[in-house]
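Novice: Dumping the structure here so I can ask a few things about it.
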Amino acid sequence: MQITHATFVTLPVADQDRAKDFYVGTLGFEVLADQQAGPVRWLQVGPKGAQTGFTLATADQIGLAPGGVRGILLATADLDADCAELVRAGAAVEGPVDLPWGRQAALTDPDGNGFLLTEAGPRTHEG
């Protein structure tokens with residue numbers, strides 16, 4: 001097998017402009033593509049420098065209801081700072097919580113697609 005990475009994940013959204021505002025304005029992603037191909041708008045966003053992007057597609061484009069995706073993990077080097085920044089930007093964030101494998105917080109986009117923001121490695125707390 002010669003698979004190296006996923007190029008994109010499609011997220012079902014109700015409104016591409018509203019989703020773009022969230023992913024770019026709130027999460028700080030970049031617009032990777034925003035092109036019209038006949039009646040279809042190809043809108044793709046992603047973290048700066050990431051190998052995998054997210055295509056923001058409406059139900060009529062892909063046949064899926066908005067908000068049906070869960071469990072996408074986004075990695076961060078500073079979970080606390082990112083959670084604080086997301087809350088300031090208006091995102092609903094649950095956590096962070098400490099887990100045996102690291103720390104994570106949960107958030108959803110405006111359509112209800114779910115993400116886990118993760119920071120690897122167990123943290124030790126000195127008392």
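The values are calculated or read from the model by the stated rules, or taken from the named source; none is laboratory data. All values reported here derive from a predicted model rather than from experimental measurement. All Cβ positions, glycine included, derive from the backbone under ideal geometry; neighbour counts span all protein chains shown.
Novice: Taking interchain pairs and intrachain pairs at least six residues apart, which have beta carbon atoms under 6 angstrom, with the first residue in the stretch 1-22 and under 21 Å from residue 51 (Cβ atoms) and the second in a loop (DSSP other than H, G, I, E, B)?
Specialist: As it stands, the answer is 5/51; 6/52; 11/69; 11/113, since those pairs meet every condition given.
Novice: What's the total number of residues in the stretch 26-39 that are more than 12 Å from the chain's Cα centre (by Cα) and either surrounded by fewer than 13 Cβ atoms within 10 Å (Cβ to Cβ) or touching a residue at least 40 places away in the same chain (Cβ under 8 Å) (or both)?
Specialist: Adding up the residues that qualify gives 5.
Novice: Continuing with this model, one more query. Yes or no: the stretch 62-69 includes at least one residue that is assigned to a loop (DSSP other than H, G, I, E, B), in contact (Cβ under 8 Å) with a residue 12 or more places away in the chain, within 23 Å of residue 21 (Cβ to Cβ) and touching a Ser or Thr at 6+ places or on another chain (Cβ under 6 Å).
Specialist: Within the stretch 62-69, none of the residues are assigned to a loop (DSSP other than H, G, I, E, B), in contact (Cβ under 8 Å) with a residue 12 or more places away in the chain, within 23 Å of residue 21 (Cβ to Cβ) and touching a Ser or Thr at 6+ places or on another chain (Cβ under 6 Å).
Novice: Is there a residue being in a strand (DSSP E or B), farther than 23 Å from residue 92 by Cβ, touching a residue at least 12 places away in the same chain (Cβ under 8 Å) and among the basic types (Lys, Arg) anywhere in the stretch 42-53?
Specialist: No, the conditions are met nowhere in the stretch 42-53.
Novice: Out of the residues in the stretch 55-64 that are at pLDDT below 90 and not charged (D, E, K, R), which is surrounded by the fewest Cβ atoms within 10 Å (Cβ to Cβ)?
Specialist: 63
Novice: I would also like to ask the following. Tally up the residues in the stretch 70-109 that are touching a strand residue (DSSP E or B) at 6+ places or on another chain (Cβ under 8 Å), in a loop (DSSP other than H, G, I, E, B) and without any contact (Cβ under 8 Å) to a residue 60 or more places away in the chain, please.
Specialist: Counting residues in the stretch 70-109 that are touching a strand residue (DSSP E or B) at 6+ places or on another chain (Cβ under 8 Å), in a loop (DSSP other than H, G, I, E, B) and without any contact (Cβ under 8 Å) to a residue 60 or more places away in the chain gives 7.
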